[in-house]
Amino acid sequence: MNKPQRIGIVLTRVPGYSETFLVNKIVGLQNQGIEVILFVDQSVGIPKDFICKIKCMPYGDPLKWKRYLKMVLSIWNILFSHPQRSYKLFRMHRKSLRSRVRSFKNVLLAQPLLNESLDWLHFGFGVLAVNREFVAKVIGASMAVSFRGYDLYLSPLKQPDIYKELFATSCRYHVLSQEMRLDLTNQGVNSNQIEVIYPAIDVDFFRSEVDDIVFSYPIKFLSVTRLHWKKGLEYTLEALAHLKNEGIDFKYTIIGEGDQYERLVFAVHQLDLVKEVRFLGKQSPAKVKQAYKEADIYLQYSIQEGFCNAVLEAQAMGIPCVVSNAEGLAENILDGKTGWVIPKRVPIILANKIKEILLMDVSKLTEIRNMAKERVSDKFNMEAQQRKFVEFYKR
């Protein structure tokens with residue numbers, strides 16, 4: 001198959017602060033001469049100068065009158081613009097035992113997609129393909145779906161059969177780790193349909209010229225992460241409370257924002273860590289890089305994690321990293337070689353690992369951090385990832 005000319009990518013919204021991996025992918029494809037059209041479910045915050053063409057789905061506008069207008073236009077499209085595609089999609093939904101009302105609604109909401117001529121239709125997260133499983137076939141495009149963690153491990157807990165129709169559809173899957181590939185095959189997906197493409201970072205930007213590791217007190221810990229329950233920040237705080245009780249002097253900086261801020265601030269107060277912990281919220285890439293430069297140890301003690309670009313950035317900056325064994329983190333870090341992977345949800349184990357690292361021989365620490373820097377530079381650079389995506393779409 002030749003290099004595709006037009007790829008449609010479906011996302012909930014335009015990629016934001018913590019989703020640079022999606023922007024990098026779009027840039028990489030366009031640099032290869034591939035046209036990318038972004039379809040988003042939410043119209044809020046759409047920039048006028050985004051890097052590619054953007055289309056908003058009919059229900060994505062916050063203003064009711066605009067939503068109604070788009071629905072009217074969608075009905076017009078069904079009747080006059082592409083009635084054959086619309087009827088074919090309706091019949092396929094009915095054949096899958098969906099009700100007439102549900103089937104018509106799916107056709108109505110799919111109109112911006114039915115209006116396009118694409119080589120590939122790629123859903124950026126698994127849940128975005130639900131109720132859209134047949135659109136690619138109807139428009140004559142190949143179909144791809146990315147699973148990134150939350151959609152594979154948590155969404156099925158709330159709706160056990162959510163991917164039943166998807167997994168029965170002809171599709172190629174992109175996942176972030178071998179662990180995720182195994183989980184998909186365990187759910188009946190043919191392994192030949194699955195491609196592991198690891199995340200990537202700008203290794204030229206996240207680079208440190210410091211050669212040796214020298215700890216000085218207070219030890220400076222860092223996490224760059226969303227304030228979300230799956231990031232395990234309460235367990236991290238409990239581990240640091242153990243260190244404080246043993247007289248270890250430290251400061252802990254958390255960069256990121258999220259809906260768990262109040263809960264975490266309350267935990268900081270209860271654990272008597274007010275003087276040690278600071279929340280910096282959202283920061284620019286330059287300030288994040290500066291925080292990496294100042295940190296002694298990076299912590300990512302997540303409960304669930306697809307892979308985590310921040311851990312890659314920290315390794316590229318030469319910071320010793322301690323992570324949990326949540327999903328892709330065990331492939332992000334090679335335990336004992338490029339950092340340390342420990343069981344999740346056990347704060348005392350994290351505390352003990354940190355104490356072990358603080359007592360470690362400097363030459364051993366330097367060996368680990370240099371191996372981490374080299375591995376990230378070689379394996380997780382954006383050029384390599386972009387080449388793999390181009391190959392992904394050729395198959």
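Using alpha-carbon pairs under 8 Å, 6+ residues apart, how would you state the relative contact order of the range 219-379 in percent? Don't jump to the answer; show the numbers that get you there.
Details: 275 pairs, mean separation 38.7, N = 161.
Across the range 219-379, relative contact order equals 24 percent.
If r is the Cβ-Cβ distance from Arg102 to Ala168 and R0 is 22 Å, what FRET efficiency results, to the nearest 0.05?
E(calc), rounded to 0.05, equals 0.80.
Taking Lys388 as the anchor, which lysines have their alpha carbon closer than 16 Å to its alpha carbon, excluding any fewer than eight residues away along the same chain?
Lys3, Lys25, Lys379
Using Cα-Cα distances under 8 Å and only pairs 6 or more residues apart, what relative contact order does the chain have, in percent?
Once normalised by length, the contact order is 15 percent.
What distance in nm lies between label points placed 7 Å from Cα along the C-beta direction at Asn325 and Phe279?
So the two model labels end up 3.1 nm from each other.
Can you bin the range 307-395 into rounded, prolate or oblate? Criterion: square roots of the alpha carbon gyration tensor eigenvalues sorted a ≥ b ≥ c, rounded for a/c under 1.5, prolate for a/b above b/c, oblate for the rest.
Oblate shape, in that a/c is at least 1.5 and b/c is the bigger or equal ratio.
Using the number of other C-beta atoms within 10 angstrom as an exposure proxy, rank Ser155, Ser81, Ser170 with the fewest first.
Listed from fewest to most nearby Cβ atoms, that is Ser170, Ser81, Ser155.
Just in the range 293-348: which GluC sites (Glu not before Pro) are loop by DSSP and have at most 14 other Cβ atoms within 10 Å?
Within the range 293-348, no GluC sites (Glu not before Pro) qualify (loop, at most 14 other Cβ atoms within 10 Å).
Determine the shape class of the chain: with a ≥ b ≥ c the square roots of the Cα gyration tensor eigenvalues, call it rounded for a/c under 1.5, and otherwise prolate if a/b is greater than b/c, oblate otherwise.
Cα axes put the chain in the prolate bin.
How about Lys164: which aspartates and glutamates have a C-alpha closer than 16 Å to its C-alpha, ignoring those fewer than 8 places off in the same chain?
Reachable aspartates and glutamates: Glu133, Asp151, Asp183.
Taking the simple approach of a point 7 Å from Cα along Cα-to-Cβ for both His269 and Leu157, what is their distance in nm?
Distance between the two pseudo-spin positions: 2.8 nm.
Provide, in order from the shortest bin, the percent of all Cα-Cα pairs of the range 126-209 in each 5 Å bin, continuing until the bin that contains the maximum pair distance.
The calculated distribution, bin by bin, is 3, 13, 23, 22, 15, 9, 5, 4, 3, 1, 0.
Provide the FRET efficiency to the nearest 0.05 for the Arg94-Arg387 pair, computing r from the beta carbons and using R0 = 45 Å.
After rounding to 0.05, the efficiency reads 0.60.
For Ile219, which sequence-distant residues (separation of 5 or more, or a different chain) have an amide H within less than 5 Å of its own amide H, given hydrogens modelled in the peptide plane?
Amide H to amide H, under 5 Å and 5 or more residues apart or across chains, Ile219 pairs with Asp249, Phe250, Lys251.
Just from its helices, what would the mean residue ellipticity at 222 nm be for the chain, if runs of 4 or more DSSP H residues each count -39500 (n - 2.57) and the sum is divided by every residue, rounded to the nearest 500 deg cm²/dmol?
The helix contribution divided over the chain gives -12000 deg cm²/dmol.
Take peptides 216-222, 86-92, 126-132 and line them up by average Cβ neighbours within 10 Å, highest first, as a rough protection proxy. Don't skip to the end; give the middle numbers.
On the way: 216-222: 16.7, 86-92: 18.6, 126-132: 21.1.
Going from most to least packed, we get 126-132, 86-92, 216-222.
Most fluctuating residue of Gln187, Gln283, Gln159 in a GNM of the chain with Cα springs under 10 Å: which is it?
Among Gln187, Gln283, Gln159, the largest mean-square fluctuation in the Gaussian network model of the chain belongs to Gln159.
List the aspartates and glutamates whose Cα lies under 12 Å from the Cα of Lys251, skipping any in the same chain that are fewer than 8 positions away.
Cross-link targets: Glu276, Glu294, Asp296.
So between Val214 and Leu182, what do we pick up on full extension, going 0.36 nm a residue minus the alpha carbon distance?
My answer for the length gained is 7.5 nm.
Using modelled backbone amide H atoms (1.01 Å from N, in-plane), which distant-in-sequence or interchain residues come within less than 5 Å of Val10's amide H?
Phe39, His122, Phe123, Gly124
Read-outs throughout are calculated quantities, based only on the coordinates presented, and are distinct from any laboratory measurement. From a predicted model like this one, the values you see are computed outputs, not experimental measurements. Every residue, glycine as well, gets a Cβ built from its backbone with ideal geometry; the counts of neighbours run over all protein chains shown.
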